[in-house]
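Taking it in order: structure first as structure tokens, then the write-up.
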Amino acid sequence: MSATADIGIPPATSKRQEPWRDRLVILSLWIWCALLSYPLFAVTRIEATTNEVLVYQTTGLLQFVIVALAIVHARVASALIGYSAFQATIVVVILLSLALQFHGPEASILEGIAYTVALLLAISCVSAVWTLQLDALVICLGGIAVIFATFGICAVAAFGWPEGRVVGSIHPNAFGSIMLTGFILSQFRGGPVMLGVRVACLVIAAAVSSRFAIVGCFLAFLVFELSYRPLGSRLVLFTLTAAFCLQLFPRFLTDLLALDDPSRNSASGFTGRETLWNLALAATANAPFGLGFKRPPLDISGHNGYLRLLLEFGMLGGGLIIASIASIVAKAMIDASLFAPSDDRLRRFACARAAGLTALAFASFFQPQLFNLGDIHGLAVILMLFSPGIGPEKRLKPA
């Protein structure tokens, strides 16, 4: 039996899933990813919340949703039906959170409702990506990784090597988030090109000193290698090289991650986040039932995706989402560790999915919002979180 049949995906010659549909969905997702990254070349930090960026974000989202609903609407529905209990819990909490929007000015209410509906549509349509033919899915995820690595290379070529963490006017952590996502998605596909993508993403993330991205890349690498080839030469070589560098250059890790750098402000990396997190916890205590998606002011959100979930969806709703995310990550890691080695492609998918979820779960501690339609981190979280599990019995199934 073929690998595509084993995982329940129709073979490439199926009349029910014509290849042109897969190609259109892939192209549309690539366009969305490009519109969330390349326009950063032309905007300044001051313009980061103005209509110029919003136009790119909205255009990318709308064209993808329209293509998905028009071309593969049946697969969107099948993806929704196939959600696991944890994935369904997240969707239900987001849907019920519409009731939290009815406070404050009317314009804010309408805006919050629109954002919530858009999030639900995006989750539904992004889930359909995982119904692509297996070969098409590999091309899709690998292509996104190439887009992001090329973005980083082009930015360095256009603006020069980072000075003071900055490439052009692109925020270092936004840059790091794109590089981390590129690294994660490149692990779904083997070969020298994807290896080059991973190296480029890691080097550029280090160049802008995006600490959560650097740690996230190493986490993704370690989880993938430990589950995919636990006794592989790459992991042994990496371990020996890391030990050698730390012995030879004892300040290397400290300098790379700037763990003791008080000059960084509270919106950067690990330094000074406690103040922001305490503000978010205090705001959550004042609004235990939540304020609604996209409603909390940025200055009290803690610059932490999980704290913002509590502030947006309440202690109960946000807690359910966080518990569901943790369960999905844990189940993915268990599936990857138990996967039968007889089908290398599916095993690679299971291990790459576990690695990606682990890295994004860590990075979300240092991102201002976990679910966000306007940046790469938010899109990556949705893409990975609502992917089907790949269990040891070699079939795609809910997490």
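List of remarks:
- Residues Cys154, Cys217, ranked from the fewest to the most other C-beta atoms within 10 Å, line up as Cys154, Cys217.
- FRET efficiency, Phe289 to Leu80 (Cβ-Cβ, R0 25 Å, nearest 0.05): 0.40
- Look at Glu106, Glu111 and count the other Cβ atoms within 10 Å of each Cβ; fewest to most, that gives Glu106, Glu111.
- Of the chymotrypsin sites (Phe, Trp or Tyr not before Pro) in region 60-153, the ones in a loop by DSSP (not H, G, I, E or B) with at most 16 other beta carbons within 10 Å are Phe102.
- Computed from label points 7 Å out along Cα-Cβ, the spacing between Ala99 and Ala330 is 2.8 nm.
- For Glu52 and Leu222, the difference between the fully extended length at 0.36 nm per residue and the C-alpha to C-alpha distance is 57.3 nm.
- Peptides 73-82, 372-381, 185-194 ranked from most to least packed, by the mean per-residue count of other Cβ atoms within 10 Å: 372-381, 185-194, 73-82.
- Cut-off 12 Å (backbone N to label point 7 Å along Cα→Cβ of Phe159), residues of region 349-384: none
- Each other residue within a Cβ distance under 15 Å of Val146 adds +1 if Lys or Arg and -1 if Asp or Glu, for a net charge of +2.
- In terms of the mean number of neighbouring beta-carbon atoms within 10 Å, the peptides 32-40, 161-169 order highest first as 32-40, 161-169.
- Residue exposure proxy: Ile321, Ile184, Ile153, ordered by other Cβ atoms within 10 angstrom of their Cβ from fewest to most, comes out as Ile153, Ile321, Ile184.
- Segment Leu195-Val92, length gained on full extension (0.36 nm per residue, minus Cα span): 33.2 nm
Since every read-out is calculated from the coordinates, none of them should be taken as a lab result. For clarity, every value in this text was computed on a predicted model and none was experimentally measured. A quick note on method: Cβ atoms are made from the backbone with ideal geometry, for glycine too, and the neighbour counts reach across all protein chains shown.
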